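Notes to accompany the following structure.
The values are calculated or read from the model by the stated rules, or taken from the named source; none is laboratory data. Predicted model, so just to flag it, every value in this text is computed and none were measured. Note that we place each Cβ from the backbone using ideal geometry, even for glycine, and neighbour counts take in every protein chain shown. Accessible surface is based on the protein model in full, side chains and every heavy atom, while ligands, DNA and RNA are left aside. Shrake-Rupley method; radii C 1.70, N 1.55, O 1.52, S 1.80 Å.
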Amino acid sequence: QVQVVESGGGLVQPGGSLRLSCVVSGSISSIATIGWDRQRPGKQLELVATITSGGSTKYADSVKGRFTISGDNDKNTVHLQMNSLKSEDTAVYYCNAFMVTLTSRFLSDYWGQGTQVTVSS
């Protein structure tokens, strides 16, 4: 099986920083992309940032210039550095891995349980 585990959430003041981490483990064959999505209170799930196995990145317009996604392919780990945080960044942040496992030939999404980020004074 596959496990996707997030860490690093918490409470931070506006203007502060947090670093989220996501570790993918288990019966991994290959990972195409790992990304972060978030669900703000009362809102739909939205894409925050993604990174491919080749290192290409993509960001939501709302976080460009403030958030940075980086990855360590050897450790199947991805980090999301979040700077200049705003109250509207308050959300549950989910990591997802788009990948092929050792027991399936097809690319599928695997999700973590989420980590809460609260930006408040």
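Worth a mention:
- Qualifying residues in the stretch 43-61 (those that are open to solvent by 60 Å² or more (accessible area, probe 1.4 Å) and modelled with pLDDT of 95 or more) - the one nearest to the chain's Cα centre (by Cα): L47
- Subset of the stretch 101-121 (residues that are in contact with a strand residue (DSSP E or B) (Cβ under 8 Å, 6 or more places away or on another chain), over 16 Å from V23 (Cα atoms) and not hydroxyl-bearing (S, T, Y)): L102, F106, L107, Q116, V117, V119
Each row is one residue, and each column tells you yes or no for (1) in contact with a helix residue (DSSP H, G or I) (Cβ under 9 Å, 6 or more places away or on another chain); (2) within 15 Å of T115 (Cβ to Cβ).
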site	(1), (2)
S27	no, no
A32	no, no
L45	no, yes
A49	no, yes
G55	yes, no
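- Residue among V5, V92 that is within 22 Å of S121 (Cβ to Cβ), outside any loop (DSSP other than H, G, I, E, B), among the β-branched types (V, I, T) and modelled with pLDDT of 95 or more: V92
- When the stretch 70-89 is filtered for residues that are part of a strand (DSSP E or B) and either touching a His at 6+ places or on another chain (Cβ under 6 Å) or open to solvent by less than 10 Å² (accessible area, probe 1.4 Å) (or both), the ones remaining, listed by number, are S70, V78, L80, M82.
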